[in-house]
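Here is the structure we will look at, set down as structure tokens.
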Amino acid sequence: MTSRGVGVAIATGGCWLAARILGIPELQSAAVAMLTLVAAALLWSRVLPSKLALTREVRPTTLAFGERATVHLTLTNIGRLPTPPLTIDDDAPSTLVDHTPARLSPIRPGHRATATYTLSGNQRGRAVLGPLTVTGRDTFGLARRRRTLPGTAEVVIYPRIVALPDGLPMGTATGVGGDGTRRRAPSGQDLADIREYVRGDDLRAIHWPSTAHRGKLMVRRSEDLLTPQATVVLDLRPSRHAGRGPDASVEVAISAAASATDHLAGHGRGVTLLDRPVTRPPGPRPAAAWLTHLATTAPEEVDLDALYRQIATGVAGDGALLAIVTTPRDAELRSLVRAGRAASSRLALVIDAGTFRGRAPDQATDEAVSGLLVVGWRAAPLRHGDELTARWRELLSRTTRRPTGVG
């Protein structure tokens, strides 16, 4: 029964009681009429024709952040009797859609009715639409019957992508020219690249002349065809992030990773994204694959030191390395530096998570950035309210700080 039906039922009881006390037969007749009406409405709601078929179509099914999608709902009456007036309500996240239930006129047998609503892609993730709730009412609105039609659809919303300015010297992957295109390495024993030795490298690849010249182990690589590579490291540990909603520090970090991935892939890089230790070396994937991963990933406590050790042993290749991390502690900073030794270029965006909780800028963030600059990284802090493009330009202008008085 609807609220109107409950009110009529209460009025029926009141009229019957008044008729018995006051001896007014008209009230008794009115009570009988209302009771009959409520009973008929309840009976009708039980036998309402409800043979409906649903088709749900979403266009598009993948959204960039801020885009809109249209959901088309088509109801077909596959029964032999017309339906009553219907109210339909599709189950959808309230953060993506703000709509009231749609009202449909009676649908004749074999006919269909359509309704549409709009999704706003203002929060990354995978949204599930459905099932659909269909409500039919009697003519007087005294009783209703609800049915749930099975069937769902999914929409993937990418993180916010910011167009990053060009010009950053990302370094070249092994055997790659400065323009980011492939080139063939010289044949025979000619070297495609010389870099510092990291644990796990083949000892037969040690280049002894460079080792003697630099005073530390150097290794060589000679390959026939090499592809430019870039590795993006993303810190998703919830204990190190702060804030809520789309403006939380973890969401800003994911947006920065998505922007960097899209930027690097657009410049011909084979991008590898790492946000947790891996069981086997990952390979570069297209930007769309990483964007789908970033759209659906959730913060999780992981062993970031283990990931750094894997990178240090060559699990992620030796191209450019971009780390998007929260303010590292001393041990984490040392692990990060070791992880970047084999990279052709090293960059870091250090997120000051405390500012996303309204705190003052953390001096430890600036100290971590300075420490990375000292050892040859390009680094910049990222705080609440900062524009990613501005911080990226800051990386463009960063120069290596050489320590003074240190051997």
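Among the candidates ARG108, ARG182, which residue alone is more than 30 Å from LEU35 (Cβ to Cβ) and modelled with pLDDT under 75?
None of the other options fit; the residue is ARG182.
Of the residues PRO109, PRO82, PRO131, which is in contact with a His (Cβ under 9 Å, 6 or more places away or on another chain) and of a type outside the set (A, V, I, L, M, F, W, C)?
PRO82
Between a first residue in the stretch 272-295 that is touching a residue at least 24 places away in the same chain (Cβ under 8 Å) and a second residue that is assigned to a helix (DSSP H, G or I) and aromatic (Phe, Trp, Tyr), which pairs have beta carbons less than 8 Å apart while being 6 or more apart in sequence or on different chains?
If the second residue must be assigned to a helix (DSSP H, G or I) and aromatic (Phe, Trp, Tyr), the pairs left are LEU273/TRP290.
Can you name the residue in the stretch 90-131 that is more than 17 Å from the chain's Cα centre (by Cα) and among the polar types (S, T, N, Q) and, of all such residues, is surrounded by the fewest Cβ atoms within 10 Å (Cβ to Cβ)?
The residue in question is THR100.
For ALA92, state whether it is in the same structural domain as ALA69 (by TED's automatic domain parsing) and within 16 Å of THR76 (Cβ to Cβ).
no
Determine whether the stretch 2-23 contains at least one residue that is outside any helix (DSSP H, G or I) and in contact with a strand residue (DSSP E or B) (Cβ under 8 Å, 6 or more places away or on another chain).
Yes.
Quick check on this structure: which one of ALA248, ALA289 is at pLDDT below 95 and either surrounded by 21 or more Cβ atoms within 10 Å (Cβ to Cβ) or under 14 Å from the mean Cα position of the chain (by Cα) (or both)?
ALA289
Enumerate the pairs (first residue in the stretch 58-85 and within 18 Å of LEU132 (Cα to Cα); second residue anywhere and surrounded by fewer than 17 Cβ atoms within 10 Å (Cβ to Cβ) and of a type in the set (A, V, I, L, M)) with beta-carbon separation below 6 Å, excluding pairs fewer than 6 apart on the same chain, so at least 6 apart or on different chains.
Close Cβ pairs satisfying both conditions: VAL58/ALA153; THR76/ALA53; ILE78/ALA53.
Which of the residues that make up the stretch 298-317 are assigned to a loop (DSSP other than H, G, I, E, B) and either assigned by TED's automatic domain parsing to the domain that holds ARG126 or charged (D, E, K, R) (or both)?
GLU300, GLU301, ASP303
Count, please, the residues in the stretch 110-151 that happen to be part of a strand (DSSP E or B), among the small types (Gly, Ala, Ser) and over 21 Å from ALA41 (Cα atoms).
5
Among the residues of the stretch 8-49 satisfying the criterion of being polar (S, T, N, Q) and surrounded by 14 or more Cβ atoms within 10 Å (Cβ to Cβ), which is farthest from LEU149 (Cα to Cα)?
GLN28
One residue is enough: does the stretch 367-387 have a residue meeting the conditions in contact (Cβ under 8 Å) with a residue 40 or more places away in the chain, part of a helix (DSSP H, G or I) and assigned by TED's automatic domain parsing to the domain that holds ARG276?
The answer is yes, given that some residue of the stretch 367-387 is in contact (Cβ under 8 Å) with a residue 40 or more places away in the chain, part of a helix (DSSP H, G or I) and assigned by TED's automatic domain parsing to the domain that holds ARG276.
Taking the condition of being part of a strand (DSSP E or B) and more than 17 Å from ARG126 (Cβ to Cβ), how many residues in the stretch 69-109 meet it?
The qualifying residues number 14.
Please work out which one of (1) more than 25 Å from ARG244 (Cβ to Cβ); (2) crowded, with 24+ Cβ neighbours inside 10 Å; (3) of a type in the set (Ser, Thr, Tyr) is the condition THR326 fails and give its number.
(1)
Mind listing whichever residues of the stretch 251-261 are in contact (Cβ under 8 Å) with a residue 40 or more places away in the chain and either polar (S, T, N, Q) or surrounded by fewer than 21 Cβ atoms within 10 Å (Cβ to Cβ) (or both)?
Across the stretch 251-261, the qualifying residues are GLU251, SER255, SER259.
Against the definition (among the acidic types (Asp, Glu) and surrounded by 13 or more Cβ atoms within 10 Å (Cβ to Cβ)), how does ASP138 come out, yes or no?
yes
Restricting to the stretch 50-70, and then to whatever is surrounded by 14 or more Cβ atoms within 10 Å (Cβ to Cβ) and over 26 Å from TRP290 (Cα atoms), can you tell me which residue is farthest from the chain's Cα centre (by Cα)?
Filtering first and then ranking leaves SER50.
The values are calculated or read from the model by the stated rules, or taken from the named source; none is laboratory data. None of the values given here were measured: they were computed from a predicted structure. Ideal geometry is used to build each Cβ from the backbone, glycine not excepted, and the neighbour counts take in all protein chains shown.
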